1. Once the piece of chain linking N187 and V119 is laid out straight, how much longer is it, given 0.36 nm per residue of separation minus the C-alpha distance between them?
2. Order of 144-155, 92-103, 14-25, 75-86 by packing, highest average Cβ count within 10 Å first?
3. Return a whole-number percent for the relative contact order of the chain, with Cα pairs under 8 Å and 6 or more residues apart as the contact set.
4. Under a 10 Å cutoff between Cα atoms, tell me which one of A37, A182, A140 has the largest fluctuation in the Gaussian network model of the chain.
5. Using a Förster distance of 30 angstrom, determine the FRET efficiency expected from the C-beta separation of R170 and H137, and round it to 0.05.
6. Just from the alpha-carbon atoms, what are the Rg and Dmax of the chain in angstroms?
7. Sorted from fewest to most neighbouring beta carbons within 10 Å, what does the list I26, I74 look like?
8. Just subtract the alpha-carbon distance of H9 and R81 from 0.36 nm times their residue separation and send over the number in nm, one decimal.
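No value in this document is a laboratory result; all are computed from the given coordinates. Because the structure is predicted, anything quoted here is derived from the model rather than measured. Positions of Cβ are generated from backbone atoms using ideal geometry, with glycine treated the same way; all protein chains shown enter the neighbour counts.
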Amino acid sequence: MVAIDFVLHKVEAALKELPPGLQDHIERARVLARLFAGAHSVNVAKADLAAAAHDLARAYDDAKQFAEAGRLGIAPNAVERETPLLLHGPIAAEYLRQEMGCVDADVLEAVCWHTTCRVGMGMLGQVVFLADKVEPHKVARRPFLERVRDLAPNDPSGAIALYLTDELERLLREGFLLHPIAVEARNHFVVQSRKR
């Protein structure tokens, strides 16, 4: 089994090749992922690794998203074919697994689904999802996210439900397609938050 720090060392080397603004976003998300991990009894080293790796493929253009998906054995669904950027999480997860030796299922899940979330996602995945969505620069651009950020340490299900409800409404208003996994995740986390 490959150690988390060994994989993190490889990820950090790859991060240096990303655009500076994306590197900055990833660092801000890592800070929050570690913070939220501590609040939810999640392994902080795993949260840091997943947050570090989550956007490794974010800077790819559409053609490269498709090329990397094909190379790594990822078959895009109909929505991903129309919105290739949605592939960057699955690509990063497969890159982490196939090329960096990460075998931790929770880390791979967190990286893969950090854009859409998914039904039944573990707490590590929830922590990384929220850290990505409420890092300070995103909150500054969309003050609504303050509510999501404030819920995250105590009620991650409620925070995810609130975020996905708002995000899916925005995508509908702007004429974008909705990823079916995000819609299922929204419904799942709404139900979970009501059970609290």
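1. Values: separation 68, 0.36 × 68 = 24.48 nm, distance 0.85 nm.
Full extension from N187 to V119 adds 23.6 nm.
2. Values: 144-155: 17.0, 92-103: 19.3, 14-25: 12.8, 75-86: 14.9.
Result, highest mean Cβ count within 10 Å first: 92-103, 144-155, 75-86, 14-25.
3. On the way: 272 pairs, mean separation 40.6, N = 196.
Computed over the chain, the figure is 21 percent.
4. A140
5. Numbers: r = 18 Å, r/R0 = 0.59.
Between R170 and H137 the formula returns 0.95.
6. Rg then Dmax for the chain, in Å: 15.7, 46.
7. I74, I26
8. 22.7 nm
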